[in-house]
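Quick note: the coordinates plus some simple rules give every number you see, no bench work behind them. Note that the structure is a prediction, hence the values are computed from the model and not measured. Here the Cβ positions follow ideal geometry from the backbone for every residue, glycine too, while neighbour counts run over all protein chains shown.
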């Protein structure tokens, strides 16, 4: 494991390298991909990327939570959360790549 | 939305690009994220979320049908944490 952190910059660098557009346009395109995915999720849609994984939005009901420090009860409002379910292929590749 | 619809939307926004290049752009992004995680790296996309790898310790599992004990080896699994901006947007903030 190399324990590095990649950012948008690394993704746009990969697009620049693979597709040969300018660095500027590559980074704008990465931004648009993330924005299109986000917009679709905010609309409540599922985003299903074959051989990568599925992002879905789930509605969580209101519940009574507790402040673990004080023991005090706090209401937790109903909310929407995003879950990511990796594809089999991704799970296999991540497991294989990190095997000692 | 599925991969091909994402490609189509991006193509519609960028009529000056060839369809095949738009496909390569989208595929490269997901490929790069999976590659990073297979090396054990994190991918942090501010506002969207972060992909990381979590280690699952070896454990003794059980075959639910027969009740037989099975050794499960240590393994690494992909993990995604939603970014703050997207989490807030999902809740109309």
- Item | Euclidean distance between Cα centres, the range A:55-77 to the range B:24-93, Å | 24
- Can you give me the relative contact order of chain A as a percent, contacts being Cα pairs under 8 Å and 6 or more apart? 19
- Residues of B:14-25, mean number of Cβ from any other protein chain within 10 Å of their own Cβ, rounded to a whole number? 3
- Item | Peptides A:40-53, A:72-85 ordered by average Cβ neighbours within 10 Å, highest first | A:40-53, A:72-85
- Task: For every helix of n ≥ 4 consecutive DSSP H residues, a contribution of -39,500 (n - 2.57) applies; sum these over chain B, divide by its total residues, and give [θ] at 222 nm rounded to the nearest 500 deg cm²/dmol.
- Result: -13000 deg cm²/dmol
- If packing is taken as the mean number of other Cβ atoms within 10 Å per residue, what is the order of A:11-20, B:62-71, B:83-92, highest first? A:11-20, B:83-92, B:62-71
- Note on the structure: Between residue A:51 and residue A:28, Cβ-based FRET efficiency (R0 25 Å, step 0.05) works out to 0.50
- Task: With no solvent and one equal point scatterer per Cα, compute the Debye intensity ratio I(q)/I(0) for chain A at 0.11, 0.20, 0.22 Å⁻¹ and report its log10, rounded to two decimals.
- Result: -0.58, -1.11, -1.15
- Asserting the computed 222 nm helical MRE of chain A (DSSP H runs at least 4 long, -39500 (n - 2.57) per run, divided by residue count, to nearest 500) equals -13500 deg cm²/dmol
- Task: Measure nothing but the geometry: give the 0 to 90° angle between the long axis through the Cα atoms of B:3-13 and the longest principal axis through the Cα atoms of chain B, rounded to 10°.
- Result: 20
- Take peptide A:84-90, look around each residue's Cβ out to 10 angstrom, count Cβ atoms belonging to other protein chains, and average those counts. 4
- Message: Can you tell me the orientation of helix A:23-42 relative to chain A, as the angle in degrees between its alpha-carbon axis and the longest Cα principal axis, to the nearest 10?
- Response: 30
- Shielding by other protein chains, A:5-15, mean Cβ within 10 Å: 6
- Query: Across every pair of different alpha-carbon atoms, what Kirkwood hydrodynamic radius in Å does the protein assembly as shown reach?
  - Reply: 18.6
